[in-house]
């Protein structure tokens, strides 16, 4: 049974921090646009308040979430327990991409460890917090991968900038991302 909460309390915050992976969903306004769902991990999420979270958005093959946020701001984050008591937590909100050139970058970035390949921070104001049972989620042990970190280190800062220009400036639906404007 689904249950809603007025804010992220200590128990929900602990649950968030215990999960080795979370998922981010977003979509364009166009009915024929592509819904995007991305897995995230590597100690990239912080709870910043009872209605606010942020995550480091590391370089990836696309930049759909950023394009969707620039267009309409809608975002959902989902956490599910792969061990222990079954539970799913969804955070529905309005998000925005914060780039290193933005005035509030330093304040937000200081909450995170350094990660090579960081292209932006996604800052989310939460308007709905909901849990559900998670009985159908499989149990299993998850381990972090070093692949993305190693790839980003090999690319280096200039190689990453070129990659963003080539692969992350426009969404698969043709929407500009904030990286495409800089």
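The values are calculated or read from the model by the stated rules, or taken from the named source; none is laboratory data. None of the values given here were measured: they were computed from a predicted structure. Using ideal geometry, Cβ is built from the backbone for each residue, glycine included, and neighbour counts are taken over all protein chains shown.
For region 68-76, indicate whether the set of residues that are touching a strand residue (DSSP E or B) at 6+ places or on another chain (Cβ under 9 Å), farther than 20 Å from residue 165 by Cα and crowded, with 18+ Cβ neighbours inside 10 Å is non-empty.
Scanning region 68-76 turns up at least one residue that is touching a strand residue (DSSP E or B) at 6+ places or on another chain (Cβ under 9 Å), farther than 20 Å from residue 165 by Cα and crowded, with 18+ Cβ neighbours inside 10 Å.
Would it be correct to say that residue 160 is part of a loop (DSSP other than H, G, I, E, B) and touching a residue at least 60 places away in the same chain (Cβ under 8 Å)? Spell out how you get there, then give the answer.
Values: part of a loop (DSSP other than H, G, I, E, B): no; touching a residue at least 60 places away in the same chain (Cβ under 8 Å): yes.
In short, no.
Of the residues that make up region 100-116, is at least one surrounded by 15 or more Cβ atoms within 10 Å (Cβ to Cβ), touching a helix residue (DSSP H, G or I) at 6+ places or on another chain (Cβ under 8 Å), modelled with pLDDT of 95 or more and closer than 30 Å to residue 14 by Cβ?
No, every residue in region 100-116 fails to be surrounded by 15 or more Cβ atoms within 10 Å (Cβ to Cβ), touching a helix residue (DSSP H, G or I) at 6+ places or on another chain (Cβ under 8 Å), modelled with pLDDT of 95 or more and closer than 30 Å to residue 14 by Cβ.
Please determine whether any residue of region 24-38 is over 30 Å from residue 150 (Cα atoms), out of contact with any strand residue (DSSP E or B) (no Cβ under 8 Å at 6 or more places or on another chain), assigned to a strand (DSSP E or B) and touching a residue at least 40 places away in the same chain (Cβ under 8 Å).
Step one: list which residues in region 24-38 are over 30 Å from residue 150 (Cα atoms), which gives 28-33.
Narrowing further to those that are out of contact with any strand residue (DSSP E or B) (no Cβ under 8 Å at 6 or more places or on another chain): 28-33.
Filter again for assigned to a strand (DSSP E or B), leaving none.
The answer is no, given that none of the residues of region 24-38 is over 30 Å from residue 150 (Cα atoms), out of contact with any strand residue (DSSP E or B) (no Cβ under 8 Å at 6 or more places or on another chain), assigned to a strand (DSSP E or B) and touching a residue at least 40 places away in the same chain (Cβ under 8 Å).
Could you tell me whether residue 82 is surrounded by 15 or more Cβ atoms within 10 Å (Cβ to Cβ), in contact (Cβ under 8 Å) with a residue 24 or more places away in the chain and out of contact with any strand residue (DSSP E or B) (no Cβ under 9 Å at 6 or more places or on another chain)?
Yes, satisfied.
Among the residues of region 142-157 satisfying the criterion of being in a helix (DSSP H, G or I) and under 13 Å from residue 42 (Cα atoms), which is farthest from the chain's Cα centre (by Cα)?
Taking the candidates together, the pick is 150.
For residues that are surrounded by fewer than 17 Cβ atoms within 10 Å (Cβ to Cβ) and touching a strand residue (DSSP E or B) at 6+ places or on another chain (Cβ under 7 Å), scanning just region 134-169, find the one that is farthest from residue 92 (Cα to Cα).
137
Within region 45-59, restricting attention to residues that are touching a strand residue (DSSP E or B) at 6+ places or on another chain (Cβ under 6 Å) and assigned to a loop (DSSP other than H, G, I, E, B), which residue is farthest from residue 21 (Cα to Cα)?
51
Considering only residues of region 1-23 that are closer than 30 Å to residue 156 by Cα, surrounded by fewer than 18 Cβ atoms within 10 Å (Cβ to Cβ) and without any contact (Cβ under 8 Å) to a residue 60 or more places away in the chain, which is nearest to the chain's Cα centre (by Cα)?
It comes out as 23.
Looking only at region 85-99, which residues are surrounded by 15 or more Cβ atoms within 10 Å (Cβ to Cβ) and either out of contact with any strand residue (DSSP E or B) (no Cβ under 7 Å at 6 or more places or on another chain) or in a helix (DSSP H, G or I) (or both)?
Hit for region 85-99 is 86, nothing else.
Test residue 62 against the stated conditions and say whether it is in a loop (DSSP other than H, G, I, E, B), within 20 Å of residue 170 (Cα to Cα) and either in contact (Cβ under 8 Å) with a residue 12 or more places away in the chain or in contact with a strand residue (DSSP E or B) (Cβ under 6 Å, 6 or more places away or on another chain) (or both).
On the way: in a loop (DSSP other than H, G, I, E, B): yes; within 20 Å of residue 170 (Cα to Cα): yes; either in contact (Cβ under 8 Å) with a residue 12 or more places away in the chain or in contact with a strand residue (DSSP E or B) (Cβ under 6 Å, 6 or more places away or on another chain) (or both): yes.
Yes.
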